[in-house]
Each structure stands twice: as C-alpha cells, then as structure tokens.
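Okay, structure first, notes after.
Each reported figure results from applying straightforward, stated rules to the coordinates on display, with no laboratory input. Owing to the predicted nature of the structure, the values given are computational and were not obtained by experimental measurement. Cβ coordinates were reconstructed from backbone atoms using ideal geometry, including for glycine residues, and neighbour counts include every protein chain displayed.
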Amino acid sequence: MGNAVCIGAQWGDEGKGRIVDRLSERADVVVRFHGGNNAGHTVVVDGATTILHIVPSGVLHPGKLCVIGAGCVVDPEVLLQEMEMLATRKLLPDPKRLVIADEAHVILPFHKRIDKAREQQRGAGKLGTTGRGIGPAYEDKAARRGMRMHDIIDRARVPEIIRASAMYANSMLEAVGAEALRGDEIEEMIARTRAHGEKLKPFVDDAGALVADAAAAGKNILFEGAQGALLDLDHGTYPYVTSSNCVAGHASVGVGVGPQLLGRIVGVAKAYATRVGEGPFPTELADPLGTQLRDRGGEYGATTGRPRRCGWLDLVALRYATRLNGITDLALTKLDVLAGFGDLQVCVAYEIEGRRVDRFPHDVAMLARATPVFETFPGFGEVPDRPRSLDDLPAAARSYALTIAERLGVRLSILAAGPGRGQEIVLEDPLA
Ligand code: IMP
C-alpha cells in the first residue's frame, strides 16, 4: 500500500503545498480532509506560483483525482473562483478529476460576517483568524444546523436551511454589536447559494466511498492536511487555534475511511518557525533577526497577506507534533533561508518558573511564560539551487537537517532548499 498523510508539524505555512505537489507524482488520489479556504497552499512550477485554498494541491499534476473530504468546510464562491482559475489552465473543471464530499459543510456569507465582527469586538483579545468564516461554519456544523453539500445542490432545501440559520446568525451578530442580516439580504443569499449549488452539482459525490474503492483497487492515496498540529482544535494552543482537527489521525474521520488506509505520516516542518495570528510562540524573534528571517523567507500569509511572526526552530513543539501525528517521515523545508545567518539556535527545552520543561504545555498562559533553552548549531553559507543529494549541501546544513530528524526519532525523507518544484532532495519517497 502506497498511502500517506501529509500534515503540518508547526503552526501552518510549513510548505505543505509544495510537498504535496511532489508526493502527488506517485499518488492517484489526493484528498483534503479538514479546514477550508483559511489554507493557502503555494506551489511553484517553472517559476509560476499557484496558491490553492481549497482544491487539493495534487491538481497541478494532470490526471490525479482530487477530493475535498467530508471534514472540510467549503466556501462555494471561493471554490468556484479557484475552479475557474484552474479551468483557464486546462486543469479543471472536470467532474472526473474533482469530487466534493456530499457531507462537507458549506460556508455561507454570514459566517464570514460573524467571524470578522467577533474579531473586531474582541479587540486586543482577538484570535487573529483569517476572517474566512471557518469558525462560525464549524460551529453551525456542531450545532447541527449547518448546510452540507448535498443540501446546497437541492433547490428546495436551500431557503429552509438559510432562513433557520440566519436567525441564529442574527442573534450572534447583534450580540457583538454588528449589523444583522436584512430580509432582502437573506433572499439574495438564497438565490446566490442556489446558483452555486447548480454549478457545483456535477462534482458532489460520496467521497469516502470513492476513496475507499480507489484504495481497494490498489491506487495510492495521499491525504493532504491544512494548517498545522499546533493549530489543532484539541491539541493546539487553545484558544489560539483553528476550528478543526489538523492532526494525521483526523484524516480517516475527515474522509470517511478506516485508519488502516493512512499509511506513512509525513510531517512538514520549516527549518525555523513561524506563526500568523495571535497566541504564544516561545521562540519568536521580535527583533531585527526576526525581520531578516521574514524578508529572506518571504513570510507573508498566502491567504491574508499578513506578515508572519518568525523565530528559531522549536524542538519541544516538534517533538509534541511528532507524537500527536505519529510522524514517520520528516519533510524539512526552507533550509536555504537559513543560509548566511551565522550560528543557528534551536530550542531543545523550555524554562518555566525556574524549572526545565521538556513537554509542550497545554495551558497557553504557561506556554506564554516559557523561555526557550537553546542549543547552538553551526551556521552555513549558500545552499545550491537544485541540490540532488545531501552531499551537495554544506556539511553544517546537512548536519542541521539530519540532527533534527534524529532528535525527533523520524526518518528525514525530503529536504526542500527552494520554493520551486524540483528544488528538493527526496531521500525516500513515502509513496514508493
Ligand atoms: P481561522 O482558521 O481562520 O479560524 O484562524 C484561527 C487561527 O489559525 C489564526 O491564528 C490563523 O492565523 C490560523 N490559521 C488558519 N489557517 C492557517 C493557515 O493555513 N496557515 C497558518 N495559520 C492559519
């Protein structure tokens, strides 16, 4: 069985898009299992950059079946725009290449309005969400009043669901002092949502069954995660997290197949750390070095354009992510960004109230008090543009990457030394 799950091992933005693109070469089916268009997966092919928010990153390889799983929340407007962009490149739309789970939930316009209004009302206590309506859509799902893809394609059900959930949306909007939905806005929303449903109808299917059948027929399945382990709703830095489970175990739930299909677990981590949005970040460099990392690494949100907070690699957090996900293979990205930085610091433990702590604390108040205990690694100079093997790298760069994998007790399988397709060394293809 050549299946794998590819997940973010930090706070998102680890470079999952480009790793999924590379792993897709050997995959037959690529399936997103959670999240929505809060994600921004960047893939650079022959100098052309594509940012995918909801369609799986495997789509840039012709012929792969791309699936948006049941655990996702889908903004029909964004999905249709993305499909249009891909159509101009002759990659989509083709119902045979894109399947949207009939169980996936729909993000409606009022979800975005609530998301933004709530953040505004929180003021300094905001979470720093992407404002894409992700949280409110998952809230409606849990409250059992959400709209699913099989509803949006049914003209009769659309008004019924929108009118019922708009009532709750209005109570929430009023509670945070925002403008409630007017009757005419609701009617317009119904008409637009019906139109979206009609366009998306040919793509909606029983995604779990299709993935299970493909696996039974010996096809390779790649499960594509979004965000990262430390943004996981249960295990991340709550409440500074997203509203879905980002860890590998959720791939089975978010697609609707058994966990025995998951295969290898590829954890993607940057050679340093970044975070976008609020919440504790022990190794953050709020100094010129942090700015230098941001500039060198182009650390600006692929979805919102927000500058990302940058810092040194955190092995306490990575060990936690390794355990949470059961990572078997490490894909280390952006090693080239560290070239020329001089000595590199890696956090190996925290100090909290005078005590050395090796485990990632669940309480964000405690995490906010953590001071990193650093180990110094020798820096390195230029990394070749297209290294073909570890031998092409400066000795200190090679040792940095191998030591991280060793400390995590996982195999170093992929090392990316540039943003473009082909700028990576594949030591072992997890799907081979
Ligand atoms: P939400 O997912 O929009 O509700 O945002 C919740 C938190 O997750 C915020 O800190 C966001 O910045 C963060 N977040 C959501 N999606 C991503 C992502 O794809 N990359 C990095 N951070 C993300």
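Here are some pairs, Lys96/Lys199; Lys219/Lys334; Lys126/Lys334; Lys90/Lys199; which of them have Cα atoms lying more than 23 Å apart in this structure? Walk me through the intermediate numbers first.
Working: Lys96/Lys199 15 Å; Lys219/Lys334 31 Å; Lys126/Lys334 30 Å; Lys90/Lys199 18 Å.
Distance filter (> 23 Å) returns Lys219/Lys334; Lys126/Lys334.
If we count every other residue with Cβ under 11 angstrom of Val247's Cβ, Lys/Arg +1 and Asp/Glu -1, where does the sum land?
Net local charge, Val247 excluded: -1.
Under a point-charge model restricted to the Cβ atoms of Lys and Arg (+1) and Asp and Glu (-1), what is the dipole moment magnitude of the stretch 111-234 relative to its Cα centre, in debye to the nearest 20? Walk me through the numbers on the way to the answer.
Values: 20 positive and 20 negative charges, 37 e Å.
Charge dipole, the stretch 111-234, about its Cα centre: 180 debye, nearest 20.
What does the charge count around Gly301 come to, taking other residues whose C-beta lies under 10 Å from its C-beta (Lys +1, Arg +1, Asp -1, Glu -1)? All intermediate terms of the calculation are to be shown ahead of the outcome.
Values: positive: Arg306, Arg308; negative: Asp13, Glu299.
Net charge around Gly301: 0.
Compute the orientation-averaged projected area for the chain from the convex hull of its Cα atoms and round it to one decimal in nm².
Values: hull surface 79.7 nm².
Taking a quarter of the hull surface, the average projection is 19.9 nm².
Assuming 0.36 nm per residue, please report the length gained on full extension of the stretch Glu160 to Lys96 beyond their Cα-Cα distance. Let's see the in-between values first.
Values: separation 64, 0.36 × 64 = 23.04 nm, distance 3.07 nm.
Result for the pair: 20.0 nm of gain on full extension.
Which FRET efficiency value, to the nearest 0.05, is calculated for Lys126 and His150 with the Förster distance at 41 angstrom and r the Cβ-Cβ distance?
0.75
How much mean residue ellipticity at 222 nm does the chain get from its helices, if each DSSP H run of length 4 or more adds -39500 (n - 2.57) and you divide by all residues, to the nearest 500 deg cm²/dmol? Don't skip to the answer; put the middle values down first.
Numbers: 13 runs with 141 residues, N = 432.
Value at 222 nm, helices only, nearest 500: -10000 deg cm²/dmol.
Using DSSP, restrict attention to beta bridges with both residues in the chain and report what percent are antiparallel, rounded to the nearest 5. Present the calculation step by step, with values, prior to reporting the outcome.
Values: 24 of 60 bridges.
Here the share of antiparallel DSSP bridges comes out near 40 percent.
Which of rounded, prolate, oblate describes the stretch 281-330, given a ≥ b ≥ c as roots of the alpha-carbon gyration tensor eigenvalues and a/c under 1.5 marking rounded, otherwise prolate only if a/b is larger than b/c? Numbers along the way, then the final one.
Values: a/c = 2.66, a/b = 1.71, b/c = 1.56.
Note, shape of the stretch 281-330 comes out prolate.
Using all C-alpha to C-alpha distances in the stretch 73-212, build P(r) with 5 Å bins and read off the rounded percent in each one.
2, 10, 18, 21, 19, 14, 9, 5, 2, 0
Which FRET efficiency value, to the nearest 0.05, is calculated for Arg355 and Arg182 with the Förster distance at 56 angstrom and r the Cβ-Cβ distance?
Efficiency for this residue pair is about 0.50.
Relative to the present Cα-Cα distance, how much length would full extension add between Glu375 and Glu198 at 0.36 nm per residue of separation?
Working: separation 177, 0.36 × 177 = 63.72 nm, distance 5.70 nm.
Taking 0.36 nm per residue and subtracting the Cα distance, the gain is 58.0 nm.
Between Leu390 and Tyr300, what's the calculated FRET efficiency when r is the beta-carbon distance and R0 is 45 Å? Round to 0.05.
0.90
For the chain, calculate the relative contact order in percent as a whole number, restricting contacts to Cα pairs under 8 Å that are 6 or more residues apart.
Details: 1009 pairs, mean separation 89.0, N = 432.
For the chain, the relative contact order is 21 percent.
Using only the alpha-carbon atoms, how far is helix 288-297 inclined from the longest principal axis of the chain? Give it as 0 to 90 degrees, nearest 10.
Approximately 70 degrees, to the nearest ten.
Summing Lys, Arg as +1 and Asp, Glu as -1, what charge do residues with Cβ under 15 Å from the Cβ of Asp140 carry, Asp140 excluded? It would help to have the intermediate numbers written out before the result.
Values: positive: Lys112, Arg113, Arg118, Arg132, Lys141, Arg144, Arg145, Arg148, Arg157, Arg163; negative: Asp75, Glu103, Asp115, Glu139, Asp151, Glu160.
Neighbourhood net charge equals +4.
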